[in-house]
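**Student:** Pasting a structure below so you can have a look.
The values are calculated or read from the model by the stated rules, or taken from the named source; none is laboratory data. All values derive from a computational prediction rather than experimental measurement. Because the Cβ atoms are built from the backbone with ideal geometry, glycine has one as well, and the counts that use them run over all protein chains shown. Ligands, DNA and RNA are stripped out before the accessible areas are found, and what is left, the full protein with its side chains, is counted by its heavy atoms. Shrake-Rupley method; radii C 1.70, N 1.55, O 1.52, S 1.80 Å.
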Amino acid sequence: MYYSYLRRLCRLPRHGLHKPLHSSATRTCTRTSAAVKNYVAADICGTRRSRSRSSRSSSTTSESNGGGSHAEVVDLRSDTVTQPTREMLECALTAPTGDDVMGEDPTVMELEQYAAQLFGKERGLYVPTGTMGNLCAILSHCNERASEIIVGSSSHICLYEGGNAAGLGGVHTKQLREDPMTASLDVDDIRTAYREDNDDHYAKTALICLECTHNIMGGVPLPKSYIDEVGRVAHSEWNVRVPVHIDGARIMNASVALGTPVSELCASVDSVSICLSKGLGAPLGTVLVGEEEFIRLARRARKRCGGGMRQAGVVAAMGLYAL
């Protein structure tokens, strides 16, 4: 618990406690260490007292109600513990279905089309998980061997997806440190990290990956101006146009926080993965959106990652309702 509080106060990723990003972060951690310990100790005592009072209150309430309802607990561990609403479940019960692997599930097709239009992209692809969505995007963009992606060292793709880009895709990762306050990759660092396909020693840069909002960096949204700048560099500064992918597990949260429609926020990127089971509250699913050829290759990648689902409209209907 102590390290959890310390990480939040210093705005560092989990591994930042062992390898701080900057010397200033180290000084901050040192200065706040004693204060945090005292705060955590006080908080623990306060929590225990609160639980004790809550327990006594619940007992009193239960007795006065003849053994009735107890105090409700709100689970704040993650936005992944949400439950589908009754309306969402009713959508699943009445959704028309077909075989999605054969491209015949009307509800899945409606979800994919709606998501693509919402983000201003040509096509969409429904996959079971956010991890699969990101991997399919990487495999689609890095369709040739000896490819490399530029990605944040504290990103979900880098830390929490099982090393699948390398393990399953044979894709090398060039990891850059994010700014601890803005969660952005320095544009000059991106320029320096870029590798052309003109030296046999290097893997060529085939993709730049951003995360918005950035989970480990405290849910920070990347502003449109920054995303546009990265897109401009990737698309026009080099001899080859390099695509940009956004891990948008919580992209709708970013849209609300910034007051910017997702079609504008993501206008300068080539693909976005949109998770439906986090802030949107659906039980599962991610939609990957991008250009038609990108989605064609992503669909082929989905097969290599385990394939599609059959009558997937049952769960796609809940994702459509959420969007």
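**Student:** Residues being under 13 Å from the mean Cα position of the chain (by Cα) and either at pLDDT below 95 or charged (D, E, K, R) (or both): count how many of those fall in region 107-164.
**Tutor:** Selection size over region 107-164: 1.
**Student:** Are there any pairs, at least 6 apart or on different chains, whose C-beta atoms fall under 6 Å, with the first in region 240-269 and among the hydroxyl-bearing types (Ser, Thr, Tyr) and the second assigned to a helix (DSSP H, G or I) and surrounded by fewer than 17 Cβ atoms within 10 Å (Cβ to Cβ), and if so, which?
**Tutor:** Ser268/Asp228
**Student:** Okay, next question. Here's a check for you: in region 181-200, which residue that is in contact with a Lys or Arg (Cβ under 9 Å, 6 or more places away or on another chain) and either of a type in the set (D, E, K, R) or open to solvent by 70 Å² or more (accessible area, probe 1.4 Å) (or both) is nearest to Arg145 (Cα to Cα)?
**Tutor:** Restricting to residues being in contact with a Lys or Arg (Cβ under 9 Å, 6 or more places away or on another chain) and either of a type in the set (D, E, K, R) or open to solvent by 70 Å² or more (accessible area, probe 1.4 Å) (or both), the top hit is Asp197.
**Student:** Which condition does Asn198 not pass, out of (1) part of a loop (DSSP other than H, G, I, E, B); (2) without any contact (Cβ under 8 Å) to a residue 24 or more places away in the chain; (3) under 23 Å from Asp79 (Cβ atoms), if it passes all the others?
**Tutor:** Result: Asn198 passes all but (3).
**Student:** Which ranges mark the helices (runs of 4 or more DSSP H) fully within region 96-187 that have 3 or more residues being over 26 Å from Val220 (Cβ atoms)?
**Tutor:** Per the criteria, 106-119.
A quick yes/no check of all residues on (1) aliphatic (A, V, I, L, M); (2) over 24 Å from the mean Cα position of the chain (by Cα):
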| site | (1), (2) |
| --- | --- |
| Gly170 | no, no |
| Arg177 | no, no |
| Val187 | yes, no |
| Arg195 | no, yes |
| Asn198 | no, yes |
| Ala203 | yes, yes |
| Leu207 | yes, no |
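**Student:** Considering Leu93, Leu89, which residue is in contact (Cβ under 8 Å) with a residue 40 or more places away in the chain, assigned to a helix (DSSP H, G or I), open to solvent by 50 Å² or more (accessible area, probe 1.4 Å) and among the aliphatic types (A, V, I, L, M)?
**Tutor:** None of the other options fit; the residue is Leu89.
**Student:** I'd like to check something: does region 97-108 contain any residue that is open to solvent by 20 Å² or more (accessible area, probe 1.4 Å), acidic (Asp, Glu), touching a residue at least 60 places away in the same chain (Cβ under 8 Å) and out of contact with any helix residue (DSSP H, G or I) (no Cβ under 9 Å at 6 or more places or on another chain)?
**Tutor:** yes
**Student:** Within the group Ala166, Ala183, which residue is out of contact with any strand residue (DSSP E or B) (no Cβ under 6 Å at 6 or more places or on another chain) and aliphatic (A, V, I, L, M)?
**Tutor:** Answer to the check: Ala166.
**Student:** Scanning for something β-branched (Val, Ile, Thr), touching a residue at least 24 places away in the same chain (Cβ under 8 Å), over 17 Å from Gly308 (Cβ atoms) and buried (at least 24 other Cβ atoms within 10 Å of the Cβ), does region 131-143 turn up at least one residue?
**Tutor:** Yes, that holds for at least one residue.
**Student:** Right, next: Answer yes or no as to whether Gly67 is modelled with pLDDT of 95 or more and either more than 19 Å from Arg302 (Cα to Cα) or in a loop (DSSP other than H, G, I, E, B) (or both).
**Tutor:** no
**Student:** Here is a check on your reading of the model: is Lys204 in contact (Cβ under 8 Å) with a residue 24 or more places away in the chain and open to solvent by 60 Å² or more (accessible area, probe 1.4 Å)?
**Tutor:** So Lys204 fails the test.
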